[in-house]
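Report on the following structure.
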Amino acid sequence: MATQLILLILLIVIALGFDFTNGFHDTANAVATSVATGALKPRQAVLLSAFFNIVGAFISISVATKIASGLISTLKTYVVKDHGIVHGVSALSGTSGLLIVFAALCGAILWNLITWYFTLPSSSSHALIGGIIGAALVAGITVKWSALWSSVVIPAVLSPVICLIVASVSTFLVYRLVQAIGPDRSKRGYKIGQLISASLVSLAHGTNDAQKTMGVITLGLIAYYTGVAHWGSLNGLLHVKYQAGWVVGSSLSVPIWVKILCAAAMGSGTAIGGWRIINTMGNRITEVEAPQGFAAETASAAVILSSSYYGYPLSTTHVVSGGVMGSGLGRQAAVHWNVAGQMATGWIFTIPMAGVVAAVAWAIADIFGKGSAVGGIVIAVILAVSAGGIYYLASRKPITAEDLDATETAGGGAPPSPPTAPAATATA
Amino acid sequence: MPQTLTTAGTKAAASSTPVIDGNALWHIIVVSAAAGAGLALCFGLILLGVKFFQEGQAGQKLSGYALSAVSGVVAVAAIAGGIYMMTNPKSSKPTKVKDAQGKVISTTASPILKTKS
């Protein structure tokens, strides 16, 4: 029991660490164009985004429960007799289950930090999914590839394309109006509009991404309670539905302390600002003007919200990237396709690479035995050292809020350059 | 005493589920285009109305005011609709769960992982 409790505490800490990296990694989604156009100062932008991320984390738990139930419902159909609990919690229970989730988070965090170092916007959600798949595969749980294809891969390919088209048409139409409004008035007006559009995207991001960690922690709690046979606590999380004597499903509830911790972790991560990625998204894909930034953000928010409504979970990073590229096309400005190509390459590698890291993490933990907490502690230490190393490398050539402020003041001049390949200098 | 469901029905139902729901995809494209472009245009019309109101003649001031007001209402409604969609998502694509006789008794979200059989 002590082993499982240690692993549960480690898992919660690592999950909050993932939420923190998600916050500063994905801040760019919401505020990059606002910073680029000068609608918001960099620090104001990330504080606004942090606020709406926290609000978003509280207003709906549908994504959190979907993440947790989507995983455990796959591991059915074992009923824990006399306790009315369906959906094979046994397969993800105890130390073994905690280690799978733990390894998945390690893969996701490391991939987030690597892409952050290379200034590449990539999907934290896909990193988490890749981590779960990698750890599950080496742990002997079969991956349902068709569901991965339909729920993750196809939306990942289609969503940036759809947003690119919508943003392109939107920007084209907006610039017809700009001619009638006048450039100065439209610039001032659309800068105000960007406060609204950036807030919407931040809200959508908080609604989606903070809850993924809530789902993961809930999954860890389920694994723990099952492992130590705390049926009362488990019943508090899983509400079983009966129909004519059959267990037909279950719903999950996320404890309030999990919501508060996740919202705080993501908000803190957002508030420190992911300047490296904001720079790529706002300055290196295309030169962004206020009407164009507003069109890109509203198109992104529309695609994210409508897709969420119809049950297609999307990466906000992919959508917003498509929106920024589309807005450049709509204004007939130069789009730096080599930067877009580098980003797309990062997207392609996200799931496999996070999966590989998670698989290695699980294998290392497994050396110490499934019933031991030592493996979990070892991979936590390796993760901390790796994260520290990446942070050190990044600090040797930092990109700061002041750099972005200077770029905007200079009228969208040369943005700070990324550290090394693959994020090479952008050319038109 | 609760009873378990058979997995056979789940597998049969899952195999008949299309890879992507074309109808939902079409709705996403239409709604995204309408909301994304519509909101950007509405905001532009608000600014245009303000311009007429500030710089126009008497008649233009009134029409500018009306244009801004109507566009503002539409924009606020669109944002409210977006927040409503955010907080009240339609259920995700369901996989039908059937009992041993093939009768549909429940629907569940399509999962990514499954246990080895």
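The values are calculated or read from the model by the stated rules, or taken from the named source; none is laboratory data. From a predicted model like this one, the values you see are computed outputs, not experimental measurements. FYI the Cβ positions are ideal-geometry reconstructions off the backbone, even for glycines, and counts take in every protein chain you see.
Details
- All conditions but one from (1) in contact with a helix residue (DSSP H, G or I) (Cβ under 9 Å, 6 or more places away or on another chain); (2) β-branched (Val, Ile, Thr); (3) modelled with pLDDT under 90 apply to A:Thr409; the one that does not is (1).
- No other residue among A:Leu148, A:Leu177, A:Leu195 is hydrophobic (A, V, I, L, M, F, W, C), assigned to a helix (DSSP H, G or I), facing chain B (nearest Cβ under 9 Å) and closer than 24 Å to B:Ala78 by Cα apart from A:Leu177.
- Meets criteria (free of Cβ contacts under 8 Å to residues at least 24 places away in the same chain, in a helix (DSSP H, G or I) and among the small types (Gly, Ala, Ser)) for A:Ser306: yes
- Residue list for the range A:285-331, restricted to those being modelled with pLDDT of 90 or more and of a type in the set (S, T, N, Q): A:Gln292, A:Thr298, A:Ser300, A:Ser321, A:Ser327
- Of all residues in the range B:53-67, those satisfying the criterion of being part of a helix (DSSP H, G or I) and more than 10 Å from chain A (Cβ to nearest Cβ) are B:Phe53, B:Ala58, B:Gly59, B:Gln60, B:Lys61, B:Leu62, B:Ser63, B:Gly64, B:Tyr65, B:Ala66, B:Leu67.
- The range A:157-167, subset more than 9 Å from chain B (Cβ to nearest Cβ) and surrounded by fewer than 24 Cβ atoms within 10 Å (Cβ to Cβ), residue farthest from the chain's Cα centre (by Cα): A:Val161
- When A:Ala424 is tested against the conditions (1) at pLDDT 75 or above; (2) within 13 Å of A:Arg284 (Cα to Cα), the lone failure is (1).
- Here B:Ile105 meets each of (1) closer than 30 Å to A:Gln292 by Cα; (2) at pLDDT below 85; (3) not acidic (Asp, Glu) with one exception, condition (1).
- When residues of the range A:81-130 are limited to those that are over 24 Å from A:Trp145 (Cβ atoms) and within 14 Å of chain B (Cβ to nearest Cβ), the one modelled with the highest pLDDT: A:Ser93
- For the range A:180-189, residues that are assigned to a helix (DSSP H, G or I) and either within 30 Å of the chain's Cα centre (by Cα) or at positive phi (or both) total 0.
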